[in-house]
Amino acid sequence: MATVSSSSGGLTFAAHRGEGAALLAFDVEQSLHESLAGFAVRYRSPEGREFTINNRLTFADPVTADTSPAERRAIVTPTDEAPIQKFHWVHFPRRVPAGKFLYTATAMLFAGGSEDQLEAGPETSLEIDLREDAHANFELGFTRGELSSQAYAELFDNAPLYPDPQTFDFPSEKFVDQWRWLGFQARELVYRMLQEAVDDGGSKLDVLAFDLDEPDLIRQLERLGPRLRTFLDDSGSHVHHAGSDDPPEVGAKEALLHSAGADNVRTGHFGSLAHDKIFILTRGDGTHKVLSGSANFSVRGLYAQSNSVFVFEGDGPAERFSSVFEAAWEDPSHFRSSDLAKEWFDLSGQGLPEAAVSFAPHGDPGLSLDRVADAIDGAENSLLFAIMDIGGASGPVMDRIEKLRDRKDLYAFGTTQRLTGELKATTPTDPDSPFIPFDYLRSKAPEPFRAEYSGGSGISIHHKFIVCDFNGTHPLAYAGSSNLAEGGESDNGDNLVEFSDPMVVSSYAVEAIKLIDHYRFRAVQHRASESKPLRLKRRPERWAADYFDPDSPRCLERELFVR
């Protein structure tokens, strides 16, 4: 199930399923408003291990923009002592075994007339499976997107992801553990498909790739020999330039020419870019599988950036994506005028979610973008997103995103990141959130928000997805390789997938909320001062008041997430 809920004693508790994560939401009846200190959460894993979710803010130890890592030691406090003072929390377990997680939420109350002494109030529990296979022939996975995080600092001491200079064939042994952690489910899906192709000697693999520099991935492609066909982007960032070091893609191409043969490697770029990221596996028995999404087959795409990867099993989806590969293989310059670029194609089928796909470039970019814009216009309660801001992007979708602040009826929640590395967190309570340099916390994070790796140069939020009404009656999510901009849909080889399956849409929604919760601390800390520091609020400060004010967006948030 995408959502489960439970109520007891005036406390309502809901959990929305993500891919290996859960969006937990809370609400309380009016009689508890004044005394509510926050929420405590504990859980039992499918293996039977008991944990308490911790908070890294307390009632003491204020945090400001000037707080440095050296000024505080790590504080990890159980939420029954330092309760969650908001009405949602994204839980991202370190391990996600098969089976159900049992979550228990407790409304923590200020005891008597105390300002910060706590007592337990009503409590309720629910169970949810964070790895449930809702569709036998479909899988969705996300990168962890936490290179810039306290978790990465603790686990890997902010170790670099690749040597300098980076080549296409550097030894990977010292990096693999952190790659597995950072790549998470997306890497698992990519490597599972590659291994299947290698192990099945009768299989063939067709690859459309933009960035291609992950050395172990390239080595797997080399093992396929002439069973591989690959069409690689040859736009300016992927070719030799006299007087400068070659990008890794140049070496990757030469290696694949050697292993697969000159007849099996081609390059091109449609009108502007060959921007797809696609594997098409044809097994020896004639069955098919397709992998695509927003993740490039590169070190940054799989390990530094936030991305998604999805896999469709079956002949129907494979036929659609194979037609695109063959059109690119023959002559990408004619794609825009082909029938493949003129309609949306159904991807639904046995064991698959309800989905449809469009392939760019289009003669009319409205073919793909108008459908997304109409969905945004028709959203009834929420719009969630994570989008790479390529700068100067135009078109109906970007126009709607820019005007979300005018939609007072809509809960709009999302992140964008500019090519310069600056990140923007958009929330209903702060639609004008400033852009914050991505490596801001590298020097300014207080303990326990420890110094974080800057993420390197370039984009770290590489997602391109939009979610409409994730827990409504007609949920929709749009994802794929498309940058959702008019220029890209006119000139780039891309795909854009519409999902209308509640489980898939819920997974993208949880990813959007996880990202903004992870990153908006940067903006909040940037503005924190001695007079208005970050810390848990005491009783007289009435931290929850806005959440029950009908004129406040926080009230809309509380009501939306607990549905």
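The values are calculated or read from the model by the stated rules, or taken from the named source; none is laboratory data. Quick caveat: nothing in here was measured; it's all calculated off a predicted structure. Neighbour counts are summed over all protein chains in view; Cβ atoms, including those assigned to glycine, are modelled from backbone coordinates with ideal geometry. SASA here: full protein model, heavy atoms, side chains in, ligands and nucleic acids out. Shrake-Rupley method; radii C 1.70, N 1.55, O 1.52, S 1.80 Å.
Of the residues making up the range 192-209, those that are open to solvent by less than 10 Å² (accessible area, probe 1.4 Å), in contact with a strand residue (DSSP E or B) (Cβ under 7 Å, 6 or more places away or on another chain) and more than 20 Å from GLY268 (Cβ to Cβ) are MET193, ALA197, SER203. Tell me, yes or no, whether the range 19-26 has at least one residue that is open to solvent by 40 Å² or more (accessible area, probe 1.4 Å), touching a Leu at 6+ places or on another chain (Cβ under 9 Å) and not in a loop (DSSP other than H, G, I, E, B). No - not one qualifying residue is present in the range 19-26.
Residue-by-condition table, conditions (1) of a type outside the set (Val, Ile, Thr); (2) within 25 Å of GLU50 (Cβ to Cβ); (3) touching a helix residue (DSSP H, G or I) at 6+ places or on another chain (Cβ under 7 Å); (4) crowded, with 18+ Cβ neighbours inside 10 Å:
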position: ALA120; (1), (2), (3), (4): yes, yes, no, no
position: THR124; (1), (2), (3), (4): no, yes, no, yes
position: ILE128; (1), (2), (3), (4): no, yes, no, yes
position: ASP133; (1), (2), (3), (4): yes, no, no, no
position: ASN137; (1), (2), (3), (4): yes, no, no, no
position: ALA153; (1), (2), (3), (4): yes, no, no, yes
position: PRO165; (1), (2), (3), (4): yes, no, no, no
position: PHE168; (1), (2), (3), (4): yes, no, yes, yes
position: SER172; (1), (2), (3), (4): yes, no, yes, no
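Pairs linking a residue in the range 50-67 that is acidic (Asp, Glu) to a residue that is at pLDDT 85 or above and open to solvent by 70 Å² or more (accessible area, probe 1.4 Å), with Cβ atoms under 6 Å and 6 or more positions apart or on different chains, are GLU50/ARG44. LEU161 falls short on exactly one of the conditions (1) under 25 Å from TRP329 (Cβ atoms); (2) open to solvent by less than 40 Å² (accessible area, probe 1.4 Å); (3) modelled with pLDDT under 95, and that condition is (1). Going by the conditions given, is ARG42 open to solvent by less than 10 Å² (accessible area, probe 1.4 Å) and among the charged types (D, E, K, R)? No; evaluated as a whole, the condition is false for this residue. Give the range 273-297 a look and list any residue that's closer than 26 Å to ILE516 by Cβ and either surrounded by 24 or more Cβ atoms within 10 Å (Cβ to Cβ) or not polar (S, T, N, Q) (or both), or say none. HIS275, LYS277, SER292, GLY293, SER294, ALA295, listed by residue number.
Only one of these is farther than 25 Å from ALA25 by Cβ, of a type outside the set (Asp, Glu), open to solvent by 10 Å² or more (accessible area, probe 1.4 Å) and modelled with pLDDT of 80 or more: SER490, SER457, SER500, SER443. Name it. Exactly one of SER490, SER457, SER500, SER443 is farther than 25 Å from ALA25 by Cβ, of a type outside the set (Asp, Glu), open to solvent by 10 Å² or more (accessible area, probe 1.4 Å) and modelled with pLDDT of 80 or more, namely SER490. Among residues of the range 173-194 that are more than 19 Å from LEU155 (Cα to Cα), those with a Cβ under 9 angstrom from a residue that is in a loop (DSSP other than H, G, I, E, B), sequence gap 6+ or separate chain, pair up as ALA186/THR143; ALA186/ARG144; ALA186/ALA295; ALA186/ASN307; VAL190/GLU214; VAL190/ALA295; LEU194/LEU224. Can you name every residue in the range 346-378 that is more than 20 Å from GLU486 (Cα to Cα) and open to solvent by 10 Å² or more (accessible area, probe 1.4 Å)? Within the range 346-378, ASP346, SER348, GLY349, GLN350, GLY351, LEU352, GLU354, GLY378 qualify. Screening the candidates ALA15, ALA2, ALA65 for the property of being at pLDDT 90 or above, over 14 Å from THR106 (Cβ atoms) and either open to solvent by less than 50 Å² (accessible area, probe 1.4 Å) or of a type in the set (S, T, N, Q) (or both) yields one hit, ALA15.
For the range 299-340, the set of residues classified as crowded, with 23+ Cβ neighbours inside 10 Å and either free of Cβ contacts under 8 Å to residues at least 60 places away in the same chain or hydroxyl-bearing (Ser, Thr, Tyr) (or both) consists of TYR303, SER306, SER308, PRO317, listed by residue number.
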